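Below is one structure, written out as structure tokens; the observations come after it.
The values are calculated or read from the model by the stated rules, or taken from the named source; none is laboratory data. Predicted model only: the values in this text are computed from it and were never measured. Cβ placement follows ideal geometry from the backbone for every residue including glycine, while neighbour counts extend to all protein chains displayed. In case anyone asks, the SASA skips ligands and DNA or RNA and just uses the protein heavy atoms, side chains included. Shrake-Rupley method; radii C 1.70, N 1.55, O 1.52, S 1.80 Å.
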Amino acid sequence: MSSQYGKKIKISIFGQSHSPAIGVNIDGLPAGIKIDINELKAFLKRRAPGQNDISTARAEDDVPEILSGLVDGITCGAPLAIIIRNEDARSADYRELRDIPRPSHADFAAHIKYGGFQDVAGGGHFSGRLTAPLCIAGGICLQILRGLEISIGAHILRIGSAQDDPFDPVSVSNADFELIQKNPLPVLKPEAGEAMRKQILEAKEKGDSVGGLIECAAIGLPVGLGDPMFDGIENRIAGIVFGIPGVKGLEFGSGFAVACCRGSENNDSFYMDGEKVRTRTNNSGGILGGITNGMPVLFRAAFKPTPSISMEQDSVSLSKAENAVLQVKGRHDPCIVLRALPCVEAAAAIALYDAFLDC
Ligand SMILES: Cc1cc2nc3c(=O)[nH]c(=O)nc-3n(C[C@H](O)[C@H](O)[C@H](O)COP(=O)(O)O)c2cc1C
């Protein structure tokens, strides 16, 4: 079974890049919650293609169509099913890929797994387009979490060699999230955004692509969400963030840097802040033993460069069983990171709301 996630709210994503529609079924949402559809549309717009010269030129409005689960804008307890119709599909661009798989895309692995019956058009079910329904589910969870005074925000930390300032791990705030949204690229430091834009355009001009890092924070979480060992907050977030196509790495708090530290450097000392227990540093990323400790939950996701590049690449002809040269056609993002950012926020919101309901 593919494309399903969650313990208390179960999310199932369906569709292909060029099928008539894509969508999500969300089961287990409590009844009686008002969903603001205009706010959801605004959230989806942050991921939508065709908005600038550093994203794919595919033009999709991504209008959510509610099929069930909402009555007068309020959840009614039935599964919430929402679709988005695909409108701007050019399937002819993808015909060659049935025989000559794109290096580092899912074409080859899917061809073997599904015996050649997989939908190759636009990347089929492996397309970044399938993150639109993920953003529908996540946009709804973000709204519900905000009602619980929990907020989530992300920024681009790095693209190629261009770097933004990291979040302050102990005091990242709603003001940071608002600032990120105001900047032309979602970063804390506008100069960093300009440098990132340059890196993307340089790669694009060469028919190449570039990878990057997204840093995400969740604030306002109570102490005690998550469970030890296999249902910890790290596990739950990893389970859904790795569902976003193109994610190749994930680290929480100080992440891989902890391997170079002494305990005296890495341990987060506790102190009393009025009646609250807080830590002076947050190398743990707000998670101890899989359970939230009340500090911001912080993680970074590494995205690979977009696999579909227009430079010539070595591949194979599967029908002829011989080496072949491929030049990928079609419209592609020169960098996934920008459009993936709301997907990371959405994924975190689904994981954390599901953990909240599972307490
Ligand atoms: C928002 C978004 C947009 C994407 N756009 C493209 C694209 O235009 N071209 C492409 O080759 N891959 C794109 N990808 C990445 C591929 O879908 C992904 O690399 C592929 O499915 C293989 O999966 P994997 O990289 O996780 O192994 C995009 C991913 C996301 C999240």
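Using per-residue counts of other Cβ atoms within 10 Å, averaged over each peptide, order 266-276, 299-309 from highest down. Present the calculation step by step, with values, prior to reporting the outcome.
Details: 266-276: 10.6, 299-309: 22.5.
Going from most to least packed, we get 299-309, 266-276.
Per residue, how large is the accessible surface of segment 91-137? Use a 1.4 angstrom probe and give square angstrom. Let's see the in-between values first.
Working: 2040 Å² over 47 residues.
I get 43 Å² per residue for this part.
Which FRET efficiency, nearest 0.05, do MET311 and ASP168 yield, Cβ-Cβ r, R0 45 Å? Don't skip to the end; give the middle numbers.
On the way: r = 40 Å, r/R0 = 0.88.
Once the sixth-power term is evaluated, E becomes 0.70.
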I'd like the orientation of helix 190-205 relative to the chain: the angle between its Cα long axis and the longest Cα principal axis, in ° from 0 to 90, rounded to 10. 20
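What relative contact order, as a whole-number percentage, does segment 1-89 give when Cα pairs under 8 Å and 6 or more residues apart are counted? List each step's numbers first, then the result.
Working: 159 pairs, mean separation 28.7, N = 89.
Averaging sequence separation for qualifying contacts and normalising by length gives 32 percent for segment 1-89.
Please go through segment 208-266 and write out the chymotrypsin sites (Phe, Trp or Tyr not before Pro) that DSSP classes as loop and that have at most 14 other C-beta atoms within 10 Å.
Values: sites: PHE230, PHE242, PHE252, PHE256; in loops: PHE242.
Passing sites in segment 208-266 are PHE242.
When only C-alpha pairs under 8 Å and at least 6 residues apart count, what is the relative contact order of segment 139-258, in percent?
With pairs under 8 Å counted, the relative contact order is 30 percent.
Which value at 222 nm does the chain reach when only helices count, each DSSP H run of 4 or more adding -39,500 (n - 2.57), with the total divided by all residues and rounded to the nearest 500 deg cm²/dmol? Can you show the working numbers first?
On the way: 8 runs with 92 residues, N = 359.
My calculation for the chain gives -8000 deg cm²/dmol from helical runs alone.
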5 Å is the cut-off here: which amide hydrogens, built 1.01 Å from N in the peptide plane, fall below it relative to LEU157, excluding neighbours closer than 5 in sequence? LEU213, ILE214, GLU215
Taking the alpha-carbon centre of each part, the distance from segment 134-201 to segment 31-67 in Å is 17
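Wrap a convex hull around the Cα atoms of the chain, take a quarter of its surface area, and give that in square nanometres. Mind showing how you got there, number by number?
Numbers: hull surface 75.8 nm².
Here the figure is 18.9 nm², rounded to one decimal.
Would you work out the relative contact order for the chain, in percent, from Cα pairs under 8 angstrom that are 6 or more residues apart? Show your work: numbers first, answer last.
On the way: 767 pairs, mean separation 80.4, N = 359.
Relative contact order of the chain: 22 percent.
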Rounded to the nearest 10 degrees, what's the angle between the helix 131-147 long axis and the longest principal axis of the chain, both from Cα atoms, 0 to 90? 20
Only loop residues by DSSP count here, and only those with at most 14 other Cβ atoms within 10 Å; note down the GluC sites (Glu not before Pro) in segment 122-201 that meet that. GLU149
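Can you pull the percent of the chain's accessible area that's carbon plus sulfur, 1.4 Å probe, other chains left in place? Intermediate results must be reported in sequence, preceding the final value.
Numbers: 8930 of 16660 Å².
Here it works out to 54 percent.
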